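Beneath this line is the structure, given in structure tokens, with notes to follow.
Derivation of every value follows stated rules applied to the coordinates shown; laboratory data play no part. A quick note: this is a predicted structure, and the numbers were derived from the prediction, not measured. Glycine gets a Cβ as well: all are built from the backbone with ideal geometry, and neighbour counts include every protein chain shown.
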């Protein structure tokens, strides 16, 4: 029988902001964090990735980032201090009492994973997906790209990357004010710090995806990483079953 996704659960993070998460499966915990403009249901559940991982004997824990999904979407600037997303991740791990777990994410979820590692998280294995080296060590370009999208809604050229991102934002019901605040939480991770992440790692990336720079360069910088390319670009790779299978294969290995 297929595993069943839990009802949405909630906890209060480090500053009292209400955070949501869902789970599927039983076994070894793995925390998987979704991308910007998305949510756990869209990123991990809708296309079967979480179920594929759960079938390999994992308890898949999927938070909604601050400002996204069923988590709170505050509009106050002070709700978005630097590294707030990483601090939320640490708070979830503490809430669940996890000590031996795996950790990863897609796009902003991968960046959040890097910040959690840089600020003391100790997972056994790590997953970076939809992410290249530049997206970790120099967040400014992507921050500018998204700030432009959110401050000029309805003005983007049809078919352009900004237009496509705005269309995705509409499908997830994103809150532009909260999402602008999320940009202020971005923190660069120095390349030397990335090179200190010694855990076994997998870098899973769409073969046409260079939105966050080179995934190959990220895999080369991490001391114990394997690069797995799957079909698609940044927007489409996450919809492909190959992505979930690649993560499941790595974690079960």
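Candidate values (i) 18.5; (ii) 19.5; (iii) 17.8 were compared with Kirkwood radius over Cα pairs in Å computed on the shown model; the agreeing label is (iii). Over the chain, Cα pairs under 8 Å with separation of 6+ residues give a relative contact order of 21 percent. Here the residues 7, 191, ranked from fewest to most Cβ neighbours within 10 Å of their Cβ, fall in the order 7, 191. In the elastic network of the chain, a GNM with C-alpha springs shorter than 10 Å, the most mobile of 43, 224, 205 is 224. Only beta bridges with both residues in the range 9-252 are counted; by DSSP, about 30 percent of them are antiparallel.
The range 174-228 and the range 122-151 have Cα centres separated by 5 Å.
Using just its DSSP H runs of length 4 or more, each adding -39500 (n - 2.57), the chain gives a mean residue ellipticity at 222 nm of -10000 deg cm²/dmol after division by all residues. Each peptide among 229-236, 212-219 gets the average number of other Cβ atoms lying within 10 Å of its residues, and from highest to lowest they stand as 212-219, 229-236. When the chain is modelled as a GNM with alpha-carbon springs shorter than 10 Å, which of 106, 36, 47 fluctuates the most? Highest fluctuation among the options: 47.
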